[in-house]
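Step one of this worksheet: look at the structure below.
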Amino acid sequence: MILQIETATTTCSVALAADGELISFKEINERNIHAEVVTVYINDLIKQQNATYDNIDAIAVSCGPGSYTGLRIGVSTAKGLCFALDKPLIAVNTLEAMAKGVAQRIDLSTDTLLCPMIDARRMEVYTAVYKADGTLVKPTAAEIITDESFADLLSNNKVLFFGDGAAKCIDVLGQNPNALFDTDFSNSARDLTALAQQKFADKEFEDVAYFEPYYLKDFIAGKKANV
């Protein structure tokens, strides 16, 4: 049984899976609520299954890129449980999990490329591009979106842009007939299931003491205005 935690965006989501199959999940999409509910949701799921924390074989966490605060909360929770329970830690790239999730939820042509987008500042997004089978086409990057973004891929392929960074890109990229958009997609711990199971089978575990989230960019604190 693998406990899965997703807090990289405004969604706070936890799930339980066994042998690569989802058992249950609980989530909410609300800003700044992660610290308040993540451990409550974990406890609720375990009780629902009439299980105990000792029944968990590993903890998987969505490790970024994404919200600095959200990632800190999710990874800190996962590491704390790993320390307390002496269980292995599995890190799953947030964008890769998103691509896996949208491929499972939406009926798309196998030729359609998948471009998860996590909102960053202004017209910047954290993004990558995958084939429907999960093959990486364009690696993870922080990209400022212009009308030239993804031009090489859009010239010959349908590309689905999705995630909480996709909506702000419609005006810039939406004129291309090959650009498709799903602005309703929300990150979910459900989407970690297959990737976490594969890493568990391969014993691809993180060093709990030293593991840090994949922030992609350094955190920049905003200045408080003088009043």
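The values are calculated or read from the model by the stated rules, or taken from the named source; none is laboratory data. Just so it is clear, the model here is predicted, and its values are computed rather than measured. Because the Cβ atoms are built from the backbone with ideal geometry, glycine has one as well, and the counts that use them run over all protein chains shown.
Do we have Ala179 as more than 20 Å from Pro65 (Cβ to Cβ) and in contact with a Cys (Cβ under 9 Å, 6 or more places away or on another chain) here? So Ala179 fits the description; yes.
Residues of the stretch 31-54 that are surrounded by fewer than 13 Cβ atoms within 10 Å (Cβ to Cβ) and not in a helix (DSSP H, G or I): Arg31, Asn32, Asn50, Thr52.
So that you can scan it fast, the table gives a plain yes or no per residue for (1) in contact with a Gly (Cβ under 7 Å, 6 or more places away or on another chain); (2) assigned by TED's automatic domain parsing to the domain that holds Asp164; (3) within 21 Å of Phe211 (Cβ to Cβ):
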{"site": "Asp57", "(1), (2), (3)": "no, no, yes"}
{"site": "Val61", "(1), (2), (3)": "yes, no, yes"}
{"site": "Gly80", "(1), (2), (3)": "no, no, yes"}
{"site": "Ile106", "(1), (2), (3)": "no, yes, no"}
{"site": "Asp111", "(1), (2), (3)": "no, yes, no"}
{"site": "Tyr130", "(1), (2), (3)": "no, yes, no"}
{"site": "Asp133", "(1), (2), (3)": "no, yes, no"}
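Can you name the number of the only condition in (1) part of a loop (DSSP other than H, G, I, E, B); (2) in contact with a strand residue (DSSP E or B) (Cβ under 7 Å, 6 or more places away or on another chain); (3) under 25 Å from Glu30 (Cα atoms) that Phe181 fails? If we test Phe181 against (1) part of a loop (DSSP other than H, G, I, E, B); (2) in contact with a strand residue (DSSP E or B) (Cβ under 7 Å, 6 or more places away or on another chain); (3) under 25 Å from Glu30 (Cα atoms), just (1) comes out false. Just to be sure I understand the filter: pairs with C-beta atoms under 6 Å, separated by 6 or more residues or on different chains, first member in the stretch 122-134 and closer than 21 Å to Thr193 by Cα, second member at pLDDT 95 or above and not in a strand (DSSP E or B). Which pairs pass? Cβ pairs passing all conditions: Ala128/Leu95; Tyr130/Ala99.
Filtering the stretch 30-44 for residues that are at positive phi and not assigned by TED's automatic domain parsing to the domain that holds Met117 leaves a non-empty set. Take the residues in the stretch 67-116 that are within 18 Å of Asp164 (Cα to Cα) and of a type in the set (D, E, K, R); name whichever of them is surrounded by the fewest Cβ atoms within 10 Å (Cβ to Cβ). Within the stretch 67-116, the match that is surrounded by the fewest Cβ atoms within 10 Å (Cβ to Cβ) is Arg105.
Among the numbered conditions (1) assigned to a helix (DSSP H, G or I); (2) at pLDDT 95 or above, the only one that Val61 does not meet is (1).
Of all the criteria given as (1) outside any helix (DSSP H, G or I); (2) surrounded by 21 or more Cβ atoms within 10 Å (Cβ to Cβ), the one not satisfied by Ser24 is (2). Only one entry in Leu173, Leu154, Leu195 is in the same structural domain as Ala78 (by TED's automatic domain parsing) and modelled with pLDDT of 95 or more, namely Leu195. Please work out if Ala179 is touching a helix residue (DSSP H, G or I) at 6+ places or on another chain (Cβ under 8 Å), within 20 Å of Ser62 (Cβ to Cβ) and buried (at least 16 other Cβ atoms within 10 Å of the Cβ). Considered against the rule, which asks whether it is touching a helix residue (DSSP H, G or I) at 6+ places or on another chain (Cβ under 8 Å), within 20 Å of Ser62 (Cβ to Cβ) and buried (at least 16 other Cβ atoms within 10 Å of the Cβ), Ala179 comes out as no. Of note, Val172 does not satisfy the criterion of being β-branched (Val, Ile, Thr) and assigned to a strand (DSSP E or B). Among the residues making up the stretch 118-167, those that are assigned to a helix (DSSP H, G or I) and either surrounded by 14 or more Cβ atoms within 10 Å (Cβ to Cβ) or at positive phi (or both) are Leu153, Leu154, Ala167.
The condition (being at positive phi, touching a residue at least 24 places away in the same chain (Cβ under 8 Å) and either touching a helix residue (DSSP H, G or I) at 6+ places or on another chain (Cβ under 6 Å) or among the charged types (D, E, K, R) (or both)) is satisfied by just one residue among Gly101, Gly70, Gly66: Gly66.
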